[in-house]
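The values are calculated or read from the model by the stated rules, or taken from the named source; none is laboratory data. Because the structure is a prediction, the values reported are computed rather than measured. So basically every Cβ, Gly included, is an ideal-geometry build from the backbone, and we count neighbours across all protein chains shown. Surface accessibility is based on the protein's heavy atoms, side chains included, excluding ligands, DNA and RNA. Shrake-Rupley method; radii C 1.70, N 1.55, O 1.52, S 1.80 Å.
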Amino acid sequence: WQGKTKAAAAGEALKAKEPKPRLVISSPMLRAKETAQAIHEKLELKQQILVEDGVNEVSSPFEGQTLEYMASIGWELYDPEKAMNIEADLKDHETFEKMSDRVLKTLHQIVAKALKDQVNAVVVTTHGDVCVGIRLWATGNEPTRRARSDAIKSGYPGYCCVTSLRFDADGKLVETDWKSKK
């Protein structure tokens, strides 16, 4: 799994940052937890990794579909027509907007708790669309399905990409940094 090598490299890069992350939070999905573990080991943290459902990937009717199938539909997992092709109903699943709302609410809770606990750097391992929603919000754009489609044209978050957000003592976003896979 080449992601393990990338996760270890991300951990090394994060270890060199100031302030050094003191907490790792992960989505409950296996790959995110594996990434969190690799980063956690490189950071040499004593505190256990916290698993947080609120940063989980979107609930989608396309779960279990092959990568080839997903590529064939342009990864448009929020398109009702694409869902009908596999006889699924999107009303039973999250929209990009609902997923983004859930994740941003969780992100604000994480920041508030970190500030309260005087933890000034946290790593959250999660998934591509979660990062896209956060990045849209961080740049002042409404996280909508259309904005997602436009954003991913300039690059989708790749495996073990790092989306850095820095908040001030009041929990206000003051700095962003990331790279996307093209």
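Quick notes on this structure:
- In region 29-56, the residues that are basic (K, R) and not in a loop (DSSP other than H, G, I, E, B): R31, K33, K42
- Residue, nearest to W178 (Cα to Cα), within region 1-28, restricted to residues that are part of a loop (DSSP other than H, G, I, E, B) and open to solvent by less than 90 Å² (accessible area, probe 1.4 Å): K17
- All conditions but one from (1) surrounded by fewer than 18 Cβ atoms within 10 Å (Cβ to Cβ); (2) farther than 17 Å from N120 by Cα apply to L50; the one that does not is (2).
- Qualifying residue in region 58-69 (condition: within 19 Å of R31 (Cα to Cα), of a type in the set (F, W, Y) and crowded, with 18+ Cβ neighbours inside 10 Å): yes
- Residues that are at pLDDT 90 or above and under 22 Å from Y156 (Cβ atoms) within region 36-65 comprise A36, A38, I39, G54, V55, N56, listed in sequence order.
- Near pairs, Cβ below 8 angstrom, 6+ apart or cross-chain, from region 140-163 (free of Cβ contacts under 8 Å to residues at least 12 places away in the same chain) to any residue that is assigned to a helix (DSSP H, G or I): N141/A147; N141/A151; E142/L136; A147/L136
- Counting only helices (runs of 4 or more DSSP H) that sit wholly inside region 76-182, those with at least 2 residues that are surrounded by fewer than 20 Cβ atoms within 10 Å (Cβ to Cβ), modelled with pLDDT of 90 or more and not hydrophobic (A, V, I, L, M, F, W, C) are 96-116, 145-153.
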